[in-house]
Amino acid sequence: MGILRLGYLHVRVTDMAEARKHYIETMGLKVTAEEAGKVYLKGWDEWDHHSVVLEEGGVGLAKLGFKVQSEDDLNTYENNARTFGATVERMSKGEELEVGQGIRVTTPSGHVVELYNEITYLGNEVGYLNPYPFPRHETGISVPALDHMLIMAEDVALNEKFFMDTFGMYAVEQIRPEIDSPARIATWLSAGQKNHDIAIVSGKDKGLHHFAFQLEDWSKILRAADIFAMDDVSIDITPTRHGITRGTTIYFFDPAGNRNETYAGGYRAYRDRPTTIWTPEHIGRGIFSHSRELNAAFTEVYT
Ligand SMILES: [Fe+2]
């Protein structure tokens with residue numbers, strides 16, 4: 001059984017024309033479907049129908065979806081969610097475009113999480129038969145895939161427990177107020193060998209701090225920042241490294257003000273590893289390894 005990955009997220013954007021320019025021309029995502037007020041997108045190395053859905057009107061996260069391995073997993077996670085006391089309902093085929101039946105769970109923080117195991121297969125852009133390493137003609141920074149996301153919660157420890165007990169995730173890294181404290185300032189949770197599929201940080205319930213796209217390596221991070229400069233993207237944090245996860249990163253905003261990240265590297269995580277613990281006096285270095293300073297806007301500005 002298991003969660004395979006963060007499959008999709010729906011993000012609200014104030015102006016669809018501007019959002020399309022950002023996500024299609026600068027980020028290089030491809031349009032796979034359109035409906036009234038919605039645009040469905042995927043990266044070139046994603047096989048499933050969509051990963052990012054733009055919804056016109058407002059700003060912030062509408063919902064997210066985890067793809068699970070089997071239909072049995074849906075029953076397991078439904079039971080787990082009920083046992084935890086979370087709100088859970090069945091989702092019928094087609095409620096999410098091109099997605100089969102599933103379950104819809106509301107986390108203690110009020111985030112809507114859908115779980116599904118069927119979605120229309122489109123294939124990636126290089127195929128699975130003797131493929132080349134990347135598509136010949138790239139657009140913008142040509143992100144291969146969605147990687148992870150970071151949500152806000154008023155009670156991080158409770159929501160960490162929810163993701164662990166309900167979805168079987170494990171904590172890879174945590175920021176605790178003190179080494180032995182049961183409280184959490186932030187937590188990075190994995191369902192498999194990614195160093196995080198989702199992270200939760202202390203803040204307003206239902207909040208979205210950012211969602212991140214994979215890039216291959218540090219040279220692609222540098223190139224992405226150069227393209228952001230050309231396209232006048234609002235850069236929040238220029239290329240650097242995280243102490244937490246060791247990933248290399250850029251933070252920037254879409255035209256609506258949703259924070260995006262490009263993420264490369266970082267270590268592979270295993271379920272039998274100890275959880276890495278960070279204490280408040282080292283948060284600056286944990287988040288930004290070089291500047292060792294956490295600016296207030298980074299923690300206080302989110303959608
Ligand atoms: Fe991130």
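Quick notes
- No other residue among VAL11, VAL31, VAL59 is among the β-branched types (Val, Ile, Thr), buried (at least 22 other Cβ atoms within 10 Å of the Cβ), modelled with pLDDT of 95 or more and under 30 Å from THR262 (Cβ atoms) apart from VAL11.
- Checking each residue in the range 262-290 for being polar (S, T, N, Q) and either within 18 Å of ASP180 (Cα to Cα) or modelled with pLDDT of 95 or more (or both) picks out THR262, THR275, THR276, THR279.
- Conditions (1) within 16 Å of the ligand (Cβ to nearest atom); (2) part of a strand (DSSP E or B): number failed by ARG104: (1)
- Looking across the range 188-241, the residues that are away from the ligand (no atom under 14 Å from the Cβ) and in a helix (DSSP H, G or I) come down to TRP218, SER219, LYS220, LEU222, ARG223, ALA224, ALA225, ASP226, ILE227, PHE228, ALA229, MET230.
- Any hit, the range 178-185, residues being more than 11 Å from the ligand (Cβ to nearest atom) and either touching a Gly at 6+ places or on another chain (Cβ under 6 Å) or within 27 Å of ARG12 (Cα to Cα) (or both): yes
- Odd one out for TYR263, checked against (1) assigned to a loop (DSSP other than H, G, I, E, B); (2) within 20 Å of LEU208 (Cα to Cα); (3) not polar (S, T, N, Q): (1)
- Going through (1) in contact with a Pro (Cβ under 9 Å, 6 or more places away or on another chain); (2) over 27 Å from LEU61 (Cα atoms); (3) within 15 Å of the ligand (Cβ to nearest atom) one by one, THR279 falls short only on (3).
- Hits in the range 150-196 (condition: aromatic (Phe, Trp, Tyr) and either in contact with a His (Cβ under 9 Å, 6 or more places away or on another chain) or not assigned by TED's automatic domain parsing to the domain that holds TYR267 (or both)): TRP188
- Residues satisfying the stated conditions in the range 30-53, i.e. of a type in the set (A, V, I, L, M, F, W, C), within 28 Å of THR166 (Cα to Cα) and in a strand (DSSP E or B): VAL52, VAL53
- Any hit, the range 73-81, residues being among the aliphatic types (A, V, I, L, M) and over 27 Å from ALA225 (Cβ atoms): yes
- Candidate set: the range 107-139, residues that are in contact with a Phe, Trp or Tyr (Cβ under 9 Å, 6 or more places away or on another chain) and not in a loop (DSSP other than H, G, I, E, B); chosen: the one farthest from HIS209 (Cα to Cα): TYR121
- Residue in the range 274-282 that is surrounded by 17 or more Cβ atoms within 10 Å (Cβ to Cβ) and over 21 Å from ALA153 (Cα atoms) present: no
- A single member of ILE244, ILE250 is surrounded by 14 or more Cβ atoms within 10 Å (Cβ to Cβ), outside the structural domain of LEU9 (by TED's automatic domain parsing), within 12 Å of the ligand (Cβ to nearest atom) and assigned to a loop (DSSP other than H, G, I, E, B), and it is ILE244.
- For the range 1-29, residues that are within 18 Å of the chain's Cα centre (by Cα) and either of a type in the set (D, E, K, R) or assigned to a strand (DSSP E or B) (or both) total 11.
- Single residue of ALA153, ALA157 found to be among the aliphatic types (A, V, I, L, M) and within 16 Å of the ligand (Cβ to nearest atom): ALA153
- One residue from GLU98, GLU138 being closer than 29 Å to ARG223 by Cα, charged (D, E, K, R) and either in contact with a Gly (Cβ under 6 Å, 6 or more places away or on another chain) or not assigned by TED's automatic domain parsing to the domain that holds LYS220 (or both): GLU138
The values are calculated or read from the model by the stated rules, or taken from the named source; none is laboratory data. Since this is a predicted model, take the numbers as computed values, not measurements. Neighbour counts run over all protein chains shown; Cβ positions are idealised from the backbone, glycine included.
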